[in-house]
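Worksheet for the structure shown next.
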Amino acid sequence: MTGKPKLTLKKPLSLQKQTQLFQALKPLHEQAEKEKRRQGKEQKQKERDAKQKKREGIKAVLTWLYEQFPACFNPKDLKPLKLNIDKDLYPFLEQEGSPSKAKVRDALTFYTNNFDYLKVVINGTHRYDLQGQQIQEITQEHKDYAQEKLEKALRRKKAKNNN
């Protein structure tokens, strides 16, 4: 034998013994539940903080884009952007004080998923480069894609507001 006693029940515990055992273990269970809730709240707070930090980063990059390229990026006069405009931005990211490629991609994703931007693509005829010059025609396929994306986003927003 290994010296460890085995815990075996030869007969079921009486109702009184079960109640005593439950009462003895109840504080441990409650403490574990409280700890679990506390950890869940901490995790949610970390997630909120991370989202807030990302939003602030996106705002900073958009501000940088508005300042550097006002002919292309203007929140009051949205224009459909040239396809793959991020590649045109990369040379400017080597300057001091410019954002990283990842942050620019996040900001462009946010910018191009905006309801107003999608409406501009749907109703527009041309795409624009960094200097604000017409560079490409918007195809019907791109307009249909923007329409579908807008409708899907509006459905998500409506469902979220209903909850």
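The values are calculated or read from the model by the stated rules, or taken from the named source; none is laboratory data. Remember, predicted model here, so these are calculated numbers, not experimental data. Positions of Cβ are backbone-derived with ideal geometry, glycine not excepted, and every protein chain shown enters the neighbour counts.
Inside segment 118-149, can you point out the residues that are among the polar types (S, T, N, Q) and farther than 25 Å from Tyr66 by Cα?
Result: Thr139, Gln140, Gln147.
Give me a count of the residues in segment 80-111 that are touching a strand residue (DSSP E or B) at 6+ places or on another chain (Cβ under 9 Å) and either farther than 11 Å from Leu130 by Cβ or at pLDDT below 90 (or both).
4
Can you tell me which residue within segment 112-129, out of those that are surrounded by 15 or more Cβ atoms within 10 Å (Cβ to Cβ) and of a type in the set (Ser, Thr, Tyr), is farthest from Pro75 (Cα to Cα)?
Tyr128
Taking only pairs six or more apart or across chains, which ones have beta-carbon atoms under 8 Å, a first residue in segment 130-156 that is under 23 Å from Asn74 (Cβ atoms), and a second residue that is of a type in the set (Ser, Thr, Tyr)?
Short answer, once both residue conditions are applied: Gln134/Tyr128; Ile135/Tyr128; Glu137/Thr125; Ile138/Thr125.
Could you say whether any residue in segment 71-85 is under 25 Å from the mean Cα position of the chain (by Cα) and loosely packed, with under 10 Cβ neighbours inside 10 Å?
yes
Kindly provide the set of residues from segment 95-111 that are of a type in the set (Val, Ile, Thr) and either in contact with a helix residue (DSSP H, G or I) (Cβ under 8 Å, 6 or more places away or on another chain) or surrounded by 17 or more Cβ atoms within 10 Å (Cβ to Cβ) (or both), ordered by number.
Val104
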